[in-house]
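The next block holds one structure in the form of structure tokens; read it before the comments.
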């Protein structure tokens, strides 16, 4: 029924058209393709609009088109161009309804011009015009492409079409008018004339200068006058004058059109330039020779045009290449960072003109920070939170202090990427307002400034991960990392993001966007990777707590190289969702994140906050395990000794750690055994296989995701990334990286994990307490010299096996500082005492230079069972307490509390030092319940070899005493009495030669003078150590004093001449000035 109704409606509509009775024409478009008619149907008014249909593009129709055209009438011909009117009807009376344009013979250029093509907008600068477009124009003119124009001007062709010619007697003022071939010469509202000038020195609008203004005005007037004279029905204000750029041909001509002419492509923006606007623009220019050649013009081009193909497309490609080039990307990123840093936060140039290799105290030595800021910066997170909660400090004051310190840290180490200061200040103010209005904190991290590794996404800031492809790409709220959202809800203040290596897959923090990060404790060394920016910032007291990530050692290597505590948890313990990965989708080795700090208790504080039942990260991250942070104690029973394994210096079975790391292992074993703990050996037989499997997996998985975008931006490939480049060149399929290979890798990994678990269980004690952990080196280097791990083009110096082993096994581990490299103790191994395991081991050992590495931090790691992060931190604290109790030479002091309020460790009583060396805290757990006790703070200092100078100075003072005693006894035939030794001088004066007596008298004077100067020197040694002046400066002071005293003694005893005796006086002044100046410097450091 519905189909019948539709058919009836259709038939009724079709029957209306033949009934239309025409009355008059309402409108016709200028092209004559569309008309609107008024008429009637059944005596009712009706409008009928008629539009010509498009040409058929069927091949048979097009093949016969030329033969079906009739009534062809030529309108004009010039060179190869011919114009006609024609019709599609057979009868000669059929009106012409076609315009024909015939080019014969045509060229390839004509074919390109008339073919279907895309369009582009280009901007032609004065430089592009001068260097490329102008030569192109000249080439076109010289090729004879203007012959048809010159034919018209010179009267040889198309003279019947010239409707007006102006000969003024001046060569530069003549012009002629002729109809444009697109005008039908009848419809006035579609009038389109061309005014072609006779002068040949102006090729296009580009040749017009301010000096042509009067000529242009004259041409305008003449063209308007001629047009209105030829077509009286048109008034001047119905006429538009414009020129084209780019023009169809390079001889200056002006288009004269009716204002009603439909604005097609010839009048479009980017093609037509109003003559009036050109004149106005020229009038604003300064000099007569200034002109349109000096401005940029934007216009459209077809993709098949020579200008696009030969000039603008290559320019665009070069521009895009520059835009994609990592150097320009890096410049943009670094400029963004610089613009976000307040200049008053920067250290003055005078403070960084000459820097020591240890820059950790440069800022405080320069008095760049106020005393209040220094206190804040050297407080641990627990103290900061307590002071904010008690309103002693504000979150804003704390945030500003750490932002300022972060800027200084970046100046000295290049550790930052994105600066979030403005958001941080606003956040801190909001937290302070909340505290003021409610008296409560919003969470356990309320007001605590925290730094984060660059891969965490903090919209809208980019997350570059050290790669140019991401460096300037904003991030969106939908991408925000789960951990960042959680930290915000817990009250933290995120204020900076920190530098990483390229794709976070190197053990040195260096990339082509932000550059290299240096180690604050030894700027000739690396801060490690991939969380190297975090570690450098924290070591500079630029952050109380930072978050890094780890897939092969990326938390532990930087933490160890910078002498920090860094926790690598097992996978799933901390929320990982939505962090940017260098190898997205790779899950053969699972990446994790964890905290880094100067303070061990800060790691526990952070973990208890993020993994609390209230925070519950497993609600937001599908891979997070629902395991809240568990209260201790975790070593049970609490009074038993620990059972620990210690790995050898060749922990991975492939390379051997440098001598300082071997010494740290010996010191730790001795300290544990001295404290009554049990030390066992761990079988490392499987370790080489684990490391080789890891390296192959990283290269196979990471080749395309890392190398392809690097190459797209022209980034150089670092030496330690050679394996990735090789794998990318071979290709995954060619390398046999297939599903079956993946299954084999997974099976092999799982078997190695099971073997390690079985060994752990075998090493458990008979009493069933189990193995409490493994003490292991973190790296073959204490901290590698800058560039050494990238120095080999085959990537052989990328040695992360000591840490990566525990990534594959998924064991948690925590780094802890032990000592520093000591050139006097950590000697180079000799051939007789050590044999390299292989060529790589030999080359790695050859890098060890005690003098260069002197002073670098030396750290180890404590490894625990899977998902035992709480126990790992507890046992790390016990191991550190044993080292302190054994008097191990601490490279710096740290806080080692009994893990805040949730660990009872009655089995040990230990001394703990806080970061700034200013106090020592004694913690004693007296029962099984959490009850931390803090004793009165006492001054502490770090022992240096400079203290040996005190007994040395005293012994040096005894040398002249021994000299005169033995000389006097020998000269008097031993008539010396020891009963009343001080009377011997008078008793023996007459019994020894005068020359001998006088010489001994001078020696006695040197002895007494030494004793007089000794107290002030001893005080200077102690004061400089308490003030923590650089160790090298203290040693220099001691050496100078001892040298001055030795020379003084020789001069005192040997000089008999009055004039020369003042040399002795000068030496005495030197020996006095050295300790006095040291005391003054110590006093100044104390005030800072």
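Candidates in the range 747-775 are the residues that are in contact with a helix residue (DSSP H, G or I) (Cβ under 9 Å, 6 or more places away or on another chain) and at positive phi; of these, the one that is surrounded by the most Cβ atoms within 10 Å (Cβ to Cβ) is 773. Tell me yes or no: at least one residue of the range 731-753 is more than 38 Å from the chain's Cα centre (by Cα) and within 30 Å of residue 682 (Cα to Cα). Scanning the range 731-753, I find at least one residue that is more than 38 Å from the chain's Cα centre (by Cα) and within 30 Å of residue 682 (Cα to Cα), so the answer is yes.
Just one of the listed residues (459, 444, 474) is in a loop (DSSP other than H, G, I, E, B) and not assigned by TED's automatic domain parsing to the domain that holds residue 555, and it is 444. Residues considered: 331, 379. Of these, the only one that is surrounded by fewer than 16 Cβ atoms within 10 Å (Cβ to Cβ), over 30 Å from residue 853 (Cβ atoms) and not assigned by TED's automatic domain parsing to the domain that holds residue 130 is 331.
Hey, any hits in the range 998-1010 for a residue that's in a loop (DSSP other than H, G, I, E, B) and either within 30 Å of residue 359 (Cβ to Cβ) or assigned by TED's automatic domain parsing to the domain that holds residue 1065 (or both)?
First pass over the range 998-1010, keeping only residues in a loop (DSSP other than H, G, I, E, B): none.
Taking every residue of the range 998-1010 in turn, none turns out to be in a loop (DSSP other than H, G, I, E, B) and either within 30 Å of residue 359 (Cβ to Cβ) or assigned by TED's automatic domain parsing to the domain that holds residue 1065 (or both).
One residue stands out among those in the range 953-973 that are loosely packed, with under 14 Cβ neighbours inside 10 Å and modelled with pLDDT of 85 or more: the one that is farthest from the chain's Cα centre (by Cα), which is 962. Exactly one residue out of 56, 73 is surrounded by 11 or more Cβ atoms within 10 Å (Cβ to Cβ) and either modelled with pLDDT of 75 or more or in contact with a helix residue (DSSP H, G or I) (Cβ under 8 Å, 6 or more places away or on another chain) (or both), and it is 73.
Here is a yes/no grid of residues against (1) within 25 Å of residue 195 (Cα to Cα); (2) in contact (Cβ under 8 Å) with a residue 40 or more places away in the chain; (3) in the same structural domain as residue 201 (by TED's automatic domain parsing):
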| position | (1), (2), (3) |
| --- | --- |
| 75 | yes, yes, no |
| 86 | no, no, no |
| 113 | yes, yes, no |
| 131 | no, no, yes |
| 134 | yes, yes, yes |
| 143 | yes, no, yes |
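Only one entry of 407, 375 meets the criterion of being in contact (Cβ under 8 Å) with a residue 24 or more places away in the chain and within 21 Å of residue 564 (Cβ to Cβ), and that entry is 407. Among the criteria (1) modelled with pLDDT of 85 or more; (2) under 30 Å from residue 820 (Cα atoms); (3) surrounded by 14 or more Cβ atoms within 10 Å (Cβ to Cβ), the one residue 1029 does not fulfil is (1). Within the range 271-294, the set of residues being farther than 15 Å from residue 220 by Cβ and either assigned to a helix (DSSP H, G or I) or outside the structural domain of residue 136 (by TED's automatic domain parsing) (or both) comprises 292, 293, 294.
Being free of Cβ contacts under 8 Å to residues at least 40 places away in the same chain, surrounded by fewer than 21 Cβ atoms within 10 Å (Cβ to Cβ), out of contact with any helix residue (DSSP H, G or I) (no Cβ under 6 Å at 6 or more places or on another chain) and under 25 Å from residue 488 (Cα atoms) narrows it down to one residue among 631, 616; which is it?
Values: 631 fails: free of Cβ contacts under 8 Å to residues at least 40 places away in the same chain.
Of 631, 616, the one residue that is free of Cβ contacts under 8 Å to residues at least 40 places away in the same chain, surrounded by fewer than 21 Cβ atoms within 10 Å (Cβ to Cβ), out of contact with any helix residue (DSSP H, G or I) (no Cβ under 6 Å at 6 or more places or on another chain) and under 25 Å from residue 488 (Cα atoms) is 616.
Of all the numbered requirements in (1) touching a residue at least 12 places away in the same chain (Cβ under 8 Å); (2) within 23 Å of residue 1056 (Cβ to Cβ); (3) part of a helix (DSSP H, G or I), residue 1018 misses one, and that requirement is (2). Given the criteria outside any helix (DSSP H, G or I), more than 60 Å from the chain's Cα centre (by Cα) and either modelled with pLDDT of 90 or more or surrounded by 14 or more Cβ atoms within 10 Å (Cβ to Cβ) (or both), does residue 992 qualify? Judged against the criteria, residue 992 is a match. Based on what the data block shows, is residue 126 more than 17 Å from residue 251 (Cα to Cα) and either in contact (Cβ under 8 Å) with a residue 12 or more places away in the chain or within 60 Å of the chain's Cα centre (by Cα) (or both)? Here the answer is yes, as residue 126 does meet what is asked.
To keep it simple, each residue is scored yes or no on (1) surrounded by 16 or more Cβ atoms within 10 Å (Cβ to Cβ); (2) at pLDDT below 95; (3) farther than 25 Å from residue 147 by Cβ.
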{"position": "208", "(1), (2), (3)": "yes, no, no"}
{"position": "230", "(1), (2), (3)": "no, yes, yes"}
{"position": "247", "(1), (2), (3)": "yes, yes, no"}
{"position": "254", "(1), (2), (3)": "yes, no, no"}
{"position": "277", "(1), (2), (3)": "no, no, yes"}
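For a quick check of your reading: which helices (runs of 4 or more DSSP H) sit entirely within the range 100-199 and have at least 2 residues that are under 22 Å from residue 75 (Cβ atoms)?
Numbers: elements: 108-114, 134-142, 147-153.
Result: 108-114, 147-153.
Would you mind stating whether residue 1055 is more than 57 Å from the chain's Cα centre (by Cα) and surrounded by fewer than 17 Cβ atoms within 10 Å (Cβ to Cβ)? Answer is yes for this residue. Among the residues of the range 490-521, the one identified as assigned to a loop (DSSP other than H, G, I, E, B), out of contact with any strand residue (DSSP E or B) (no Cβ under 8 Å at 6 or more places or on another chain) and under 23 Å from residue 363 (Cα atoms) is 520. Within the range 668-685, the residues that satisfy the criterion of being in a loop (DSSP other than H, G, I, E, B) and exposed (fewer than 15 other Cβ atoms within 10 Å of the Cβ) are 676, 683, 685. When 662, 689 are screened for being out of contact with any helix residue (DSSP H, G or I) (no Cβ under 9 Å at 6 or more places or on another chain) and in the same structural domain as residue 751 (by TED's automatic domain parsing), only 662 passes. Being more than 23 Å from residue 777 (Cβ to Cβ) and assigned to a loop (DSSP other than H, G, I, E, B) is true of residue 631.
State the number of residues belonging to the range 384-419 that are more than 15 Å from residue 542 (Cβ to Cβ) and touching a helix residue (DSSP H, G or I) at 6+ places or on another chain (Cβ under 9 Å). Outline the logic, then answer.
Taking the range 384-419 as the starting set, the residues that turn out to be more than 15 Å from residue 542 (Cβ to Cβ) are 385-397.
Next cut, touching a helix residue (DSSP H, G or I) at 6+ places or on another chain (Cβ under 9 Å) only: 385, 387-389, 391-397.
Looking only at that region, the number is 11.
The values are calculated or read from the model by the stated rules, or taken from the named source; none is laboratory data. What you are looking at is a predicted structure, and each value in this text was computed from that prediction instead of being measured. Cβ sites come from the backbone with ideal geometry, for glycine too, and all protein chains shown count toward neighbours.
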